[in-house]
Amino acid sequence: MLRGRAIKLKDLLSELDRDYFYLMHLSYGNAPSRKPLWEFACDNKLIGLDKYYPVDINRKWQEVPERKKNGLAPLWRQQLELFCHEMVEGDCVLIVEGMYHFLGLGLVEDPYMFKPELSEKFFRHVRPVHWLLKYEYAKRTPFKVGHFTNTLRRVDSHSVYWPIIDHELELRSATRKAKEVATKTKEKIYPEGGLREIRAEIAIRNPKLILEARRRYGTECMVCGFDFERKYGELGDGFIEVHHLKPLSKRRNVAPTRIEDVSVVCSNCHRMIHKKRPPISPASLKHMIRKEMAR
């Protein structure tokens with residue numbers, strides 16, 4: 001175990017400029033098999049997450065087709081999104097075993113990686129961590145966290161687990177490491193600018209159809225009701241986007257389009273419609289919005 005002065009988790013989060021942390025459950029079959037799993041995590045400075053059906057996500061999360069992601073149980077998709085996409089360098093992860101023991105505390109280090117070669121000993125979806133505190137498995141400390149049964153959870157002030165931030169932890173050089181991570185994160189530079197030539201094929205749109213659609217359907221989004229003129233005044237007068245119910249990009253040759261083949265939508269709804277492949281219908285998106293608002 002790393003020994004040093006005791007500090008509260010909330011003080012560490014303050015140094016990291018974070019108002020959240022991650023709670024992660026070490027679960028690997030029966031309890032006897034958790035010991036080698038935890039030892040592997042400690043020795044290799046890794047945390048991991050998995051889905052046990054290779055046919056579903058036997059590749060890096062960003063490369064998994066949307067239709068396969070949609071086929072996962074909602075909880076699994078949410079946790080993979082958290083682990084593979086939302087976590088960033090410097091995030092704090094507290095590792096527990098079951099609902100009764102505390103194993104360690106680490107700081108996430110980029111990047112997320114997919115390592116199928118680790119499947120026999122560990123998990124395939126992994127992230128490097130800097131361990132601030134790690135207990136030997138036999139010396140894990142009692143730590144009741146209530147009914148925490150899923151594998152990964154983002155904890156903020158709205159969570160029932162938020163009081164954990166008042167728990168004191170004995171950490172060696174935790175504050176110094178936190179400051180290093182916070183500084184490194186703030187100083188990250190993302191190069192942009194410059195020019196490059198891009199050649200692309202674009203679908204040819206008929207401006208007369210667009211004008212007719214706006215005349216027929218008006219300029220209020222048929223999905224969410226947003227009106228650009230009401231929001232932006234004169235600047236938004238007459239503006240609305242036209243969505244083809246049958247994707248225009250699929251046409252290799254010129255073909256007729258009827259006014260009934262298009263709808264008018266705001267920019268946000270248009271992007272959401274095309275976020276899926278194939279695009280979802282405006283009616284389906286409207287139903288999804290109503291369902292979310294009813295929650």
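Points worth noting:
- Residues of segment 262-280 that are surrounded by 15 or more Cβ atoms within 10 Å (Cβ to Cβ) and of a type in the set (Ser, Thr, Tyr): Ser263 alone.
- Taking first residues from segment 67-83 that are within 21 Å of Tyr22 (Cβ to Cβ) and in the same structural domain as Leu49 (by TED's automatic domain parsing) and partners that are assigned to a loop (DSSP other than H, G, I, E, B) and at pLDDT below 80, the Cβ contacts under 8 Å between residues at least 6 apart in sequence or on separate chains come to Leu72/Lys51; Leu75/Asn150; Trp76/Lys51; Gln79/Asn150; Leu80/Lys51.
- Annotation for segment 44-58: at least one member residue is modelled with pLDDT under 85, in contact with a helix residue (DSSP H, G or I) (Cβ under 9 Å, 6 or more places away or on another chain) and among the β-branched types (Val, Ile, Thr).
- When the test is whether a residue is assigned to a strand (DSSP E or B) and either touching a helix residue (DSSP H, G or I) at 6+ places or on another chain (Cβ under 8 Å) or at pLDDT below 70 (or both), Arg176 does not pass it.
- Single residue of segment 102-152 satisfying the filter (among the aromatic types (Phe, Trp, Tyr) and within 16 Å of His167 (Cβ to Cβ)) that is modelled with the lowest pLDDT: Phe148
- Elements of type helices (runs of 4 or more DSSP H) contained in segment 208-295, each with 1 or more residues being out of contact with any Gly (no Cβ under 9 Å at 6 or more places or on another chain) and under 27 Å from Val64 (Cβ atoms): 267-273, 282-293
- Number of the condition not met by Ala41 [criteria: (1) assigned to a helix (DSSP H, G or I); (2) modelled with pLDDT under 90]: (2)
- The one condition from (1) out of contact with any Asp or Glu (no Cβ under 6 Å at 6 or more places or on another chain); (2) at pLDDT 70 or above that Glu197 does not meet is (2).
The values are calculated or read from the model by the stated rules, or taken from the named source; none is laboratory data. As the structure is a prediction and not an experimental result, all values here were calculated from the model. Glycine also receives a Cβ, built like all others from the backbone with ideal geometry; neighbour counts cover every protein chain displayed.
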